[in-house]
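Here the structure is laid out as structure tokens; the discussion comes afterwards.
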Amino acid sequence: MMTSLLVLSMFGYDIVKRLTRDTYFRAIGTAVLLMLVVGTLFFWLHEGRSFLDAFAYSSMTMAMNSPYGVHWGPTTTFGVIFQVVYVFPSVGLFLLFVLEAGKTMVQSYEDTSKQIAERKATR
């Protein structure tokens, strides 16, 4: 358990480090955050959901896990139109961000494995 948490925190650190240094990755992260804010504000202000429900709905929509058939979704015609227009760029950006974060995790794992192998070879 502790090893898993350590590895997970190492990957998280590497992702944050890349976000601060890599302009491409930072641009994708900013776009994902902007889409999340836009979706949350729309469902909060226009659809009349609570802020937390609007945030949850927006984030689940981005992760392609939209609870559309569950007791609530867009209730107005404009809300449905917004949802259709919102889902395509937000899902695409989210997937791109996850893929780039995954690349960072793989690179981090490979670098760590290489360092461990070099230490063993020098003993």
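The values are calculated or read from the model by the stated rules, or taken from the named source; none is laboratory data. Since the structure is predicted, the reported quantities are computational estimates derived from the model, not experimental observations. Every residue, glycine among them, receives a Cβ derived from its backbone with ideal geometry; neighbour counts consider all protein chains shown.
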Consider Val84 against the criteria (1) touching an Asp or Glu at 6+ places or on another chain (Cβ under 9 Å); (2) exposed (fewer than 14 other Cβ atoms within 10 Å of the Cβ): it satisfies all of them except one. Which criterion is unmet?
(1)
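Evaluate segment 60-78: report whether one residue or more is at pLDDT 90 or above, surrounded by 10 or more Cβ atoms within 10 Å (Cβ to Cβ), over 26 Å from Val16 (Cα atoms) and not polar (S, T, N, Q).
Yes - at least one qualifying residue is present in segment 60-78.
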Quick check: is even one residue across segment 29-40 under 19 Å from Thr76 (Cα atoms), touching a Ser or Thr at 6+ places or on another chain (Cβ under 6 Å) and part of a helix (DSSP H, G or I)?
yes
Can you confirm whether Leu93 is part of a helix (DSSP H, G or I) and closer than 24 Å to Glu47 by Cα?
yes
Within segment 99-117, is even one residue in a loop (DSSP other than H, G, I, E, B) and aromatic (Phe, Trp, Tyr)?
no
Search result, residues across segment 33-59 that are surrounded by 19 or more Cβ atoms within 10 Å (Cβ to Cβ) and either within 16 Å of the chain's Cα centre (by Cα) or closer than 16 Å to Phe97 by Cβ (or both):
Met35, Gly39, Thr40, Tyr57, Ser58
How many residues of segment 9-39 are β-branched (Val, Ile, Thr) and closer than 15 Å to Pro89 by Cβ? The answer is 5
Can you find, within segment 13-32, the residue that is surrounded by the most Cβ atoms within 10 Å (Cβ to Cβ) among those that are closer than 21 Å to Thr112 by Cα and in contact with a Phe, Trp or Tyr (Cβ under 7 Å, 6 or more places away or on another chain)?
Arg18
